[in-house]
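Heads up: the structure comes next, in C-alpha cells.
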Amino acid sequence: FILWHPQKKGPIYSAFETAAKEFRDKHSAVWVEDKGLLPEVVSSSIPEGATSAIMVVAPGNTQYSKSKDPVVAVYSGDMENATRVTKWAGDSRYPGLWNITDARFHDFSSSSRASAIIVVDPKSPEKPWKGPVKKAMKNMSKFFQFGVLNGTDWKDALADFQMYPEEYPRLLVLAPKFDGYYAEKDTVTVADMTNSLQKVVDGQIHMQTRSFSNKFYVGYRYARDFTFITADFMQESILNAILVASSLGVLLFTIFKCCGFCYDIMMMDDTYYDQDHAQPPAVAKKKN
C-alpha cells in the first residue's frame with residue numbers, strides 16, 4: 001500500500017495507517033511525501049489535480065504476464081474514512097491478473113472479494129481464454145479479483161470441484177473468504193465469462209460448498225446431465241428411443257426383482273427357518 005500525502009499526520013494519514021495495520025502481516029505500507037519519488041507507472045495512475053492518493057501496487061512478477069511494470073489500483077472514495085479505506089484495501093489487494101502459485105492460493109482465495117480463477121494447461125499453445133478474461137476484467141472488476149491457476153499442478157485438488165485436465169480451460173469462481181464456489185461446466189464458462197460472472201452476482205447460479213451435503217447436489221447434477229444426454233439421444237431416431245426404452249425396462253425389472261428378493265428374505269417366517277434346522281424330538285425314557 002502506498003500513501004502519497006504532504007503530511008505524516010491528519011485524518012487521511014490516520015485512515016491509511018488503520019488500513020496498513022489491518023494487513024501488516026501480509027502487505028507492506030509506505031508513506032511518500034514527494035510525488036516525484038514514485039515510479040512513473042505509479043504516479044501516472046494518480047488522477048490529475050489530486051493532492052493525495054491511496055494506492056495498491058502489485059509488482060509485475062505477481063502477474064500472469066510477468067510484466068516488468070507493476071499494476072496499480074487507486075482509491076477514489078473518502079480518504080478520511082478509515083472504515084471505507086480499510087474495506088477498499090482488503091478488496092483491492094490483488095489488482096491485475098495474478099499468477100496463483102501454491103504460496104499465494106490461500107491468501108488469494110481467502111480475500112474479502114470474490115475470485116474468478118481461470119484454470120489452464122500451461123503447456124497448451126492456444127490461449128483462447130485471454131480475450132474473454134480481458135473483457136471480464138474490464139466489466140466485472142468491481143465484484144471480482146482475477147487470477148490464473150496451473151491446472152496441471154492442481155489436477156488432484158481440482159477433481160474435487162469436478163474439473164478435469166481434458167476440460168481446460170475452466171472457470172472456477174470462489175465466493176468471498178472461500179465460503180463457497182461456482183464450478184458448473186455449462187453455466188460458469190470461460191468463453192462467456194462476463195455473462196457467467198454477472199449471473200453469479202445476480203444469484204442465478206447455485207453456489208456449492210465444501211460440506212458433505214454438497215455431494216447430494218453433485219449427484220443430482222450428474223443425474224440431470226445424464227437425463228439431458230439421454231433425451232437428446234432418443235430424439236435422434238426411433239431406434240434410439242426403442243433402445244433406451246428397452247434398456248430402461250430391463251433395468252427397472254432387475255431392480256424390482258432384487259427388491260422383491262430382499263423383501264422375501266427380510267420377511268421370511270421364523271417357523272420356516274426352524275423347520276429346515278429342526279432338532280429331532282427328545283425321546284422319553286421308559287420307566288422300569
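The values are calculated or read from the model by the stated rules, or taken from the named source; none is laboratory data. As the structure is a prediction and not an experimental result, all values here were calculated from the model. Ideal geometry is used to build each Cβ from the backbone, glycine not excepted, and the neighbour counts take in all protein chains shown. Keep in mind that these areas ignore ligands, DNA and RNA; they rest on the heavy atoms of the full protein, side chains included. Shrake-Rupley method; radii C 1.70, N 1.55, O 1.52, S 1.80 Å.
Couple of notes before you dig in:
- All positions within segment 51-65 that are among the small types (G, A, S) and either modelled with pLDDT under 90 or under 35 Å from the mean Cα position of the chain (by Cα) (or both): A53, A58, G60, S65
- Of the residues K26, K21, K68, the single one that is modelled with pLDDT of 90 or more, within 30 Å of the chain's Cα centre (by Cα) and open to solvent by 70 Å² or more (accessible area, probe 1.4 Å) is K21.
- Within segment 47-58, the set of residues being more than 17 Å from D34 (Cβ to Cβ) and surrounded by 12 or more Cβ atoms within 10 Å (Cβ to Cβ) comprises V56, A58.
- If you go through segment 162-200 and keep only what is farther than 21 Å from P122 by Cβ, open to solvent by less than 30 Å² (accessible area, probe 1.4 Å), in a helix (DSSP H, G or I) and touching a residue at least 60 places away in the same chain (Cβ under 8 Å), you end up with F178, T194, L197, V200.
- Test: residue in segment 221-238 that is farther than 24 Å from G147 by Cβ and at pLDDT 70 or above: yes
- Selection from segment 133-161 of residues that are assigned to a helix (DSSP H, G or I) and of a type in the set (F, W, Y): F161
- Residues that are of a type in the set (A, V, I, L, M, F, W, C), closer than 13 Å to P11 by Cα and under 29 Å from the mean Cα position of the chain (by Cα), drawn from segment 72-88: V85
- The residues listed here are V85, V120; of these, the one that is under 28 Å from W154 (Cα atoms), open to solvent by less than 70 Å² (accessible area, probe 1.4 Å) and among the β-branched types (V, I, T) is V120.
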